[in-house]
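Please read the structure below before turning to the comments.
The values are calculated or read from the model by the stated rules, or taken from the named source; none is laboratory data. These numbers come from a predicted model, not from an experiment. Using ideal geometry, Cβ is built from the backbone for each residue, glycine included, and neighbour counts are taken over all protein chains shown.
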Amino acid sequence: MDGLDLLKAFREVAARGSFSRAAIALGMSKANVSKYVAQLEERFGVRLLNRSTRSVSLTDAGHLLLERSTPLMEMIELTQSELQDHAGNPRGRLRITAPHGLSQGKLPGLIGEFMSIYPEVHVSLHLSNRVIDLVEEGVDIALRLGRIRDESLIVRRLQQVELALCATPGYWAKRGMPRKPDDMRRHDVLTYSLAGNTPSLPFEVDGKPYSVPVHSRMDANDAAPLIGVALAGLGAICVPTMMAQPDIERGALVPVLKEFMPTDLWLYAAYTQRRHNSAALRAMLDFLAAKVSKEAATRPAKRNAGGARAPATAPA
């Protein structure tokens, strides 16, 4: 039997001076209340209550336990109330990790809007392109871009991510416009850092992943410097379209091979548990899903190689 339950039974008997009245208050039988108190006395090795056919009174040891346990029980009740409040009302600290690239887009604005809606939530945002262990580093939500791989995590898909393979008009004019994925073997490419892996570009041919090894002129663990060097005409880049969109719209970068870009990449939120999550975590997941889905619904759907429209979002 849990020690707190034994202690509650003892305190109720002490407060009411009766096993019967304590049993009614606790919603249990008189026999169980008596058994709980006896187990507590056995655990401490001392009598806590004097019993007679007419009354119940505290021994010296009982007085000591009643006095010392009062602040403990008050703290437990307060903590229980606060925990229930955390479960029902978004509040407290919410730890989020995201890649650096997302900070250059709409993420800061979305976090600010969320904090305005839920003023009792404190957001701790850690930017890193490293895939971290959420449990080990105490992170509630990881926002990630790419293929969903880690089966130990629970995933909320937020938005399908389009990749843009692009370079400056001058680079394509000088080196030639590629017509098929394998044409990229003769181009200079600015690639993401992948320790121990051969630099390559991800494509999709006939609905299947198709990787093309490439010559890397430069590598970095973030899209921003790659875009900057690509704008200098030094090579092609393959980055999430959302990160290169301003440069594409103004014609500084020209995307190619759109029909061969992979369709299984996502912006997703990863977390570790389905049950007993805080209200703040649940609120943030729902908020991001609603906001990102609304934004995706306003854009034209991406066409895949077969001409069908690919979904903007999908359920987790």
- Task: Report yes if some residue within segment 144-159 is farther than 30 Å from Pro255 by Cβ, touching a helix residue (DSSP H, G or I) at 6+ places or on another chain (Cβ under 8 Å) and not hydrophobic (A, V, I, L, M, F, W, C); otherwise report no.
- Result: no
- If you take the residues in segment 110-136 that are under 20 Å from Asp222 (Cβ atoms) and out of contact with any Lys or Arg (no Cβ under 8 Å at 6 or more places or on another chain), which one is surrounded by the most Cβ atoms within 10 Å (Cβ to Cβ)? Ile111
- Message: Given (1) in contact (Cβ under 8 Å) with a residue 60 or more places away in the chain; (2) within 18 Å of Trp266 (Cα to Cα); (3) in contact with a helix residue (DSSP H, G or I) (Cβ under 8 Å, 6 or more places away or on another chain), identify the lone condition not met by Ala98.
- Response: (1)
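Quick grid of which residues meet (1) farther than 18 Å from Leu4 by Cβ; (2) outside the structural domain of Lys8 (by TED's automatic domain parsing); (3) surrounded by fewer than 14 Cβ atoms within 10 Å (Cβ to Cβ); (4) among the acidic types (Asp, Glu):
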site	(1), (2), (3), (4)
Lys35	no, no, no, no
Glu41	no, no, no, yes
Ser52	yes, no, yes, no
Asp60	yes, no, yes, yes
Leu66	no, no, no, no
Ile76	no, no, no, no
- If you go through segment 288-301 one residue at a time, do you hit one that is modelled with pLDDT under 65, assigned to a loop (DSSP other than H, G, I, E, B) and among the small types (Gly, Ala, Ser)? yes
- Note on the structure: Those residues of segment 189-217 which are surrounded by fewer than 17 Cβ atoms within 10 Å (Cβ to Cβ) and either within 17 Å of Gly233 (Cβ to Cβ) or not assigned by TED's automatic domain parsing to the domain that holds Ile237 (or both) amount to His215, Arg217
- Out of segment 162-192, which residues are free of Cβ contacts under 8 Å to residues at least 60 places away in the same chain and under 34 Å from the mean Cα position of the chain (by Cα)? Val189, Leu190, Thr191, Tyr192
- Query: So how many residues does segment 101-125 have that are modelled with pLDDT of 85 or more and under 22 Å from Val239 (Cβ atoms)?
  - Reply: 5
- Message: I'm trying to understand the selection: among the residues of segment 1-58, which are within 24 Å of Pro71 (Cβ to Cβ) and among the basic types (Lys, Arg)?
- Response: Lys8, Arg11, Arg16, Arg43, Arg47
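Yes or no, residue by residue, for (1) assigned to a loop (DSSP other than H, G, I, E, B); (2) polar (S, T, N, Q); (3) modelled with pLDDT of 95 or more:
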residue: Gly170; (1), (2), (3): no, no, yes
residue: Leu190; (1), (2), (3): no, no, yes
residue: Asp219; (1), (2), (3): no, no, no
residue: Ala224; (1), (2), (3): no, no, no
residue: Ile237; (1), (2), (3): no, no, yes
residue: Gln245; (1), (2), (3): no, yes, no
residue: Gly251; (1), (2), (3): yes, no, yes
- Could you check Ile141 against (1) surrounded by 14 or more Cβ atoms within 10 Å (Cβ to Cβ); (2) assigned by TED's automatic domain parsing to the domain that holds Ser200 and say which number it fails? (2)
- Task: Would you tally the residues in segment 22-77 being in contact with a Phe, Trp or Tyr (Cβ under 9 Å, 6 or more places away or on another chain), in contact (Cβ under 8 Å) with a residue 40 or more places away in the chain and in a helix (DSSP H, G or I)?
- Result: 4
- Item | Options Gly251, Gly233, Gly228: the member that is out of contact with any strand residue (DSSP E or B) (no Cβ under 9 Å at 6 or more places or on another chain), in contact (Cβ under 8 Å) with a residue 12 or more places away in the chain and either among the small types (Gly, Ala, Ser) or crowded, with 19+ Cβ neighbours inside 10 Å (or both) | Gly251
